[in-house]
1. Quick one: with all protein chains in place, what share of the accessible area of the range 1-109 is carbon or sulfur, to the nearest percent (1.4 Å probe)?
2. For the range 45-97 and the range 222-257, write down the distance between their C-alpha centroids in whole Å.
3. Just reorder S200, S82, S23 by solvent-accessible area, largest first, 1.4 Å probe, all chains present.
4. Can you tell me the relative contact order of the chain? Whole percent, Cα pairs under 8 Å, sequence separation 6 or more.
5. Which of L230, P60, V40 sits closest to the plus end of the dipole of the chain, meaning its Cα is farthest towards the positive end, when Lys and Arg get +1 and Asp and Glu get -1 on the C-beta?
6. How do M1, M11 rank by accessible surface area computed with a 1.4 Å probe, from largest to smallest?
7. Can you give the accessible area of I201, probe radius 1.4 Å, in Å² rounded to 10?
8. Going by average Cβ density within 10 Å per residue, which order do the peptides 151-157, 184-190, 49-55, 102-108 take, highest to lowest?
Amino acid sequence: MNTIIAANWKMNKTREEAKESVSELFRLIAGADLPETRRVFVFTPFTCIADAAEAAKANPKLLIGGQDVYPADHGAFTGEISPAMLRDAGARWVLAGHSERRHIIGENDDFVAEKTAFALQNGLSVMLCIGETLQEREDGQLKDVLLRQLTVVANNLKSKNLVGSLPQTFAVAYEPVWAIGTGKVAGEAEVLDAHAAVRSILEDLLGPVGKQLPILYGGSVKPANAASLLKLDNVDGLLVGGASLEAKTFMQIVAAQ
Ligand code: PEP
(Lines give C-alpha, C1' and ligand atoms only; values in the text may rest on other atoms or scores of the structure.)
Protein backbone atom coordinates (compact mmCIF):
# COMPACT_ATOMS: atom_id res chain seq x y z
CA MET A 1 0.00 0.00 0.00
CA ASN A 2 1.22 3.52 -0.76
CA THR A 3 1.95 5.93 2.07
CA ILE A 4 0.12 9.19 1.40
CA ILE A 5 1.30 12.47 2.88
CA ALA A 6 -1.38 15.04 2.13
CA ALA A 7 -1.43 18.81 2.58
CA ASN A 8 -4.71 20.61 3.27
CA TRP A 9 -4.08 24.28 2.64
CA LYS A 10 -7.62 25.25 3.68
CA MET A 11 -8.41 28.93 2.83
CA ASN A 12 -4.80 29.99 2.32
CA LYS A 13 -2.61 31.13 -0.60
CA THR A 14 -3.04 33.14 -3.77
CA ARG A 15 -2.35 31.54 -7.14
CA GLU A 16 1.20 32.93 -7.18
CA GLU A 17 1.90 31.62 -3.67
CA ALA A 18 0.49 28.23 -4.62
CA LYS A 19 2.66 28.03 -7.71
CA GLU A 20 5.75 28.89 -5.70
CA SER A 21 4.97 26.39 -2.94
CA VAL A 22 4.23 23.50 -5.30
CA SER A 23 7.30 24.28 -7.42
CA GLU A 24 9.46 24.28 -4.30
CA LEU A 25 7.90 21.05 -3.11
CA PHE A 26 8.51 19.54 -6.53
CA ARG A 27 12.22 20.44 -6.32
CA LEU A 28 12.52 19.13 -2.79
CA ILE A 29 10.82 15.85 -3.69
CA ALA A 30 13.01 15.43 -6.77
CA GLY A 31 16.12 15.87 -4.63
CA ALA A 32 15.00 13.56 -1.82
CA ASP A 33 15.48 9.86 -1.42
CA LEU A 34 11.87 9.02 -0.62
CA PRO A 35 10.56 5.49 -0.13
CA GLU A 36 9.21 4.11 -3.43
CA THR A 37 5.66 3.93 -2.12
CA ARG A 38 5.43 7.54 -0.91
CA ARG A 39 2.79 9.76 -2.55
CA VAL A 40 2.22 13.47 -1.93
CA PHE A 41 -1.15 15.18 -2.37
CA VAL A 42 -1.85 18.90 -2.03
CA PHE A 43 -5.47 19.96 -1.50
CA THR A 44 -5.48 23.61 -2.57
CA PRO A 45 -8.22 26.25 -2.72
CA PHE A 46 -10.23 25.99 -5.96
CA THR A 47 -8.59 29.12 -7.39
CA CYS A 48 -5.12 27.57 -7.09
CA ILE A 49 -5.78 24.11 -8.53
CA ALA A 50 -4.84 24.87 -12.14
CA ASP A 51 -1.57 26.63 -11.26
CA ALA A 52 -0.65 24.00 -8.68
CA ALA A 53 -1.43 21.16 -11.12
CA GLU A 54 0.70 22.81 -13.80
CA ALA A 55 3.60 23.13 -11.34
CA ALA A 56 3.21 19.48 -10.24
CA LYS A 57 2.56 17.84 -13.58
CA ALA A 58 5.95 16.32 -14.34
CA ASN A 59 5.94 14.33 -11.10
CA PRO A 60 3.40 11.49 -11.03
CA LYS A 61 3.90 11.11 -7.26
CA LEU A 62 2.75 14.69 -6.58
CA LEU A 63 -0.99 15.10 -7.11
CA ILE A 64 -3.29 18.07 -6.65
CA GLY A 65 -6.77 17.93 -5.17
CA GLY A 66 -9.74 20.12 -4.30
CA GLN A 67 -11.06 20.60 -0.77
CA ASP A 68 -14.72 19.99 -1.54
CA VAL A 69 -17.12 19.04 -4.33
CA TYR A 70 -20.85 19.25 -5.02
CA PRO A 71 -22.81 16.16 -6.09
CA ALA A 72 -24.18 17.47 -9.40
CA ASP A 73 -22.84 17.98 -12.94
CA HIS A 74 -23.92 21.60 -13.29
CA GLY A 75 -26.84 23.86 -12.48
CA ALA A 76 -28.19 26.39 -10.01
CA PHE A 77 -25.85 25.69 -7.08
CA THR A 78 -24.29 29.06 -6.36
CA GLY A 79 -20.79 28.85 -4.95
CA GLU A 80 -20.41 25.12 -5.57
CA ILE A 81 -18.09 23.16 -7.86
CA SER A 82 -18.62 19.95 -9.84
CA PRO A 83 -16.26 16.98 -10.26
CA ALA A 84 -15.86 17.82 -13.95
CA MET A 85 -14.79 21.38 -13.09
CA LEU A 86 -12.25 20.08 -10.58
CA ARG A 87 -10.87 17.59 -13.08
CA ASP A 88 -10.74 20.24 -15.79
CA ALA A 89 -8.63 22.43 -13.46
CA GLY A 90 -6.21 19.55 -12.86
CA ALA A 91 -7.47 17.99 -9.62
CA ARG A 92 -7.21 14.23 -9.28
CA TRP A 93 -8.37 13.91 -5.68
CA VAL A 94 -10.91 15.68 -3.51
CA LEU A 95 -11.58 15.84 0.22
CA ALA A 96 -15.06 14.93 1.42
CA GLY A 97 -16.45 15.56 4.88
CA HIS A 98 -13.55 17.52 6.35
CA SER A 99 -14.47 18.40 9.93
CA GLU A 100 -14.48 22.12 9.13
CA ARG A 101 -17.15 21.45 6.50
CA ARG A 102 -19.12 19.21 8.86
CA HIS A 103 -18.91 21.49 11.89
CA ILE A 104 -18.60 25.04 10.49
CA ILE A 105 -20.62 24.71 7.26
CA GLY A 106 -23.02 22.09 8.64
CA GLU A 107 -22.61 19.16 6.22
CA ASN A 108 -24.20 15.94 7.44
CA ASP A 109 -23.32 12.27 6.88
CA ASP A 110 -25.83 11.78 4.07
CA PHE A 111 -24.55 14.75 2.10
CA VAL A 112 -20.94 13.64 2.59
CA ALA A 113 -21.89 10.15 1.36
CA GLU A 114 -23.66 11.59 -1.64
CA LYS A 115 -20.73 13.75 -2.70
CA THR A 116 -18.26 10.89 -2.12
CA ALA A 117 -20.16 8.58 -4.48
CA PHE A 118 -20.78 11.28 -7.06
CA ALA A 119 -17.12 12.34 -7.15
CA LEU A 120 -16.01 8.70 -7.58
CA GLN A 121 -18.57 8.15 -10.35
CA ASN A 122 -17.22 11.21 -12.09
CA GLY A 123 -13.54 10.44 -12.22
CA LEU A 124 -12.16 11.87 -8.98
CA SER A 125 -10.51 9.94 -6.18
CA VAL A 126 -11.83 10.75 -2.71
CA MET A 127 -10.23 11.21 0.69
CA LEU A 128 -13.08 10.85 3.19
CA CYS A 129 -12.49 12.62 6.50
CA ILE A 130 -14.06 11.25 9.67
CA GLY A 131 -13.55 11.81 13.38
CA GLU A 132 -15.17 12.54 16.71
CA THR A 133 -15.59 15.80 18.63
CA LEU A 134 -14.13 16.12 22.14
CA GLN A 135 -17.63 15.82 23.60
CA GLU A 136 -18.29 12.61 21.68
CA ARG A 137 -14.96 11.14 22.86
CA GLU A 138 -15.63 12.13 26.47
CA ASP A 139 -19.09 10.56 26.23
CA GLY A 140 -17.49 7.26 25.13
CA GLN A 141 -18.96 7.51 21.63
CA LEU A 142 -15.75 7.31 19.56
CA LYS A 143 -16.51 3.95 17.93
CA ASP A 144 -20.20 4.73 17.41
CA VAL A 145 -19.30 7.94 15.61
CA LEU A 146 -16.75 6.22 13.36
CA LEU A 147 -19.22 3.42 12.61
CA ARG A 148 -22.00 5.88 11.80
CA GLN A 149 -19.83 8.07 9.55
CA LEU A 150 -18.38 5.10 7.65
CA THR A 151 -21.63 3.12 7.36
CA VAL A 152 -23.52 5.90 5.59
CA VAL A 153 -20.72 6.26 3.02
CA ALA A 154 -20.15 2.49 2.57
CA ASN A 155 -23.86 1.77 2.06
CA ASN A 156 -24.03 4.47 -0.58
CA LEU A 157 -20.95 3.13 -2.37
CA LYS A 158 -22.27 -0.44 -2.25
CA SER A 159 -25.64 0.59 -3.66
CA LYS A 160 -23.85 2.19 -6.62
CA ASN A 161 -21.45 -0.74 -7.19
CA LEU A 162 -18.40 1.40 -6.50
CA VAL A 163 -16.63 -0.87 -4.01
CA GLY A 164 -14.40 -2.82 -6.44
CA SER A 165 -12.43 0.22 -7.60
CA LEU A 166 -11.92 1.75 -4.14
CA PRO A 167 -8.35 0.50 -3.49
CA GLN A 168 -7.06 2.84 -6.22
CA THR A 169 -9.49 5.71 -5.67
CA PHE A 170 -10.39 6.04 -2.02
CA ALA A 171 -8.69 6.81 1.28
CA VAL A 172 -9.97 7.55 4.77
CA ALA A 173 -8.49 10.25 6.98
CA TYR A 174 -9.17 9.80 10.69
CA GLU A 175 -9.02 13.29 12.19
CA PRO A 176 -10.16 13.74 15.78
CA VAL A 177 -11.88 17.13 15.66
CA TRP A 178 -10.26 18.17 18.95
CA ALA A 179 -6.78 17.69 17.43
CA ILE A 180 -7.29 19.76 14.28
CA GLY A 181 -5.46 23.07 14.38
CA THR A 182 -5.25 22.93 18.18
CA GLY A 183 -1.67 21.71 18.66
CA LYS A 184 -3.10 18.67 20.51
CA VAL A 185 -2.01 15.46 18.82
CA ALA A 186 -3.83 12.29 19.74
CA GLY A 187 -1.57 10.06 21.86
CA GLU A 188 -0.11 6.89 20.40
CA ALA A 189 -2.60 4.66 22.18
CA GLU A 190 -5.49 6.81 21.00
CA VAL A 191 -4.30 6.74 17.38
CA LEU A 192 -3.73 2.97 17.47
CA ASP A 193 -7.14 2.35 18.99
CA ALA A 194 -9.03 4.62 16.57
CA HIS A 195 -7.18 3.33 13.49
CA ALA A 196 -7.77 -0.30 14.50
CA ALA A 197 -11.46 0.54 14.87
CA VAL A 198 -11.57 2.22 11.44
CA ARG A 199 -9.82 -0.79 9.85
CA SER A 200 -12.18 -3.27 11.44
CA ILE A 201 -15.27 -1.22 10.48
CA LEU A 202 -14.00 -0.94 6.88
CA GLU A 203 -13.48 -4.70 6.72
CA ASP A 204 -16.93 -5.39 8.17
CA LEU A 205 -18.59 -3.00 5.75
CA LEU A 206 -16.55 -3.63 2.59
CA GLY A 207 -15.03 -7.10 3.00
CA PRO A 208 -11.48 -7.69 1.67
CA VAL A 209 -11.43 -4.22 0.03
CA GLY A 210 -11.55 -2.76 3.53
CA LYS A 211 -8.07 -4.18 4.19
CA GLN A 212 -6.59 -2.37 1.19
CA LEU A 213 -7.75 1.18 1.86
CA PRO A 214 -5.20 3.66 3.23
CA ILE A 215 -6.13 5.20 6.58
CA LEU A 216 -4.42 8.52 7.23
CA TYR A 217 -4.11 10.29 10.58
CA GLY A 218 -4.72 14.03 10.76
CA GLY A 219 -4.62 16.52 13.62
CA SER A 220 -1.69 18.78 14.48
CA VAL A 221 0.88 16.67 12.62
CA LYS A 222 4.30 18.35 12.68
CA PRO A 223 7.83 17.34 11.56
CA ALA A 224 8.54 16.32 15.16
CA ASN A 225 5.72 13.77 15.43
CA ALA A 226 5.36 12.56 11.81
CA ALA A 227 7.81 9.64 11.93
CA SER A 228 6.40 8.16 15.13
CA LEU A 229 2.83 8.43 13.81
CA LEU A 230 3.79 6.71 10.54
CA LYS A 231 5.23 3.75 12.46
CA LEU A 232 1.89 2.91 14.08
CA ASP A 233 -0.21 -0.03 12.87
CA ASN A 234 -2.91 0.98 10.38
CA VAL A 235 -1.46 4.47 9.91
CA ASP A 236 -0.93 4.59 6.15
CA GLY A 237 -0.33 8.29 5.81
CA LEU A 238 -0.87 11.74 7.27
CA LEU A 239 -3.21 14.65 6.46
CA VAL A 240 -1.54 17.90 7.43
CA GLY A 241 -3.09 21.37 7.76
CA GLY A 242 -1.06 24.14 9.39
CA ALA A 243 2.33 22.47 8.94
CA SER A 244 1.76 22.00 5.20
CA LEU A 245 1.71 25.68 4.26
CA GLU A 246 5.45 26.12 4.15
CA ALA A 247 7.09 23.76 1.62
CA LYS A 248 10.29 23.11 3.62
CA THR A 249 8.37 22.26 6.78
CA PHE A 250 5.91 20.07 4.89
CA MET A 251 8.80 18.32 3.14
CA GLN A 252 10.17 17.20 6.52
CA ILE A 253 6.83 15.43 7.05
CA VAL A 254 6.85 14.04 3.50
CA ALA A 255 10.31 12.57 4.12
CA ALA A 256 9.59 11.27 7.64
CA GLN A 257 10.21 7.57 8.21
C1 PEP B 1 -6.57 19.32 8.66
O2 PEP B 1 -6.93 20.41 8.24
O3 PEP B 1 -7.02 18.31 8.12
C4 PEP B 1 -5.62 19.27 9.79
C5 PEP B 1 -5.29 18.09 10.25
O6 PEP B 1 -5.14 20.46 10.27
P7 PEP B 1 -3.90 20.65 11.30
O8 PEP B 1 -2.76 19.80 10.80
O9 PEP B 1 -3.60 22.12 11.25
O10 PEP B 1 -4.37 20.18 12.63
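The values are calculated or read from the model by the stated rules, or taken from the named source; none is laboratory data. Computed from a predicted model, the values in this text were never measured in an experiment. Cβ placement follows ideal geometry from the backbone for every residue including glycine, while neighbour counts extend to all protein chains displayed. Quick note on the areas: whole protein, heavy atoms, side chains included, nothing else; ligands and nucleic acids left out. Shrake-Rupley method; radii C 1.70, N 1.55, O 1.52, S 1.80 Å.
1. Roughly 51 percent, rounded to a whole number.
2. About 23 Å separates the Cα centre of the range 45-97 from the one of the range 222-257.
3. On the way: S200 60, S82 5, S23 35 Å².
Result, largest first: S200, S23, S82.
4. Details: 513 pairs, mean separation 51.8, N = 257.
Here the relative contact order equals 20 percent.
5. P60
6. Values: M1 110, M11 180 Å².
Solvent-accessible surface, decreasing: M11, M1.
7. The accessible area comes out at roughly 20 Å².
8. Details: 151-157: 20.0, 184-190: 14.6, 49-55: 22.3, 102-108: 12.7.
Averaged packing, sorted descending, gives the order 49-55, 151-157, 184-190, 102-108.
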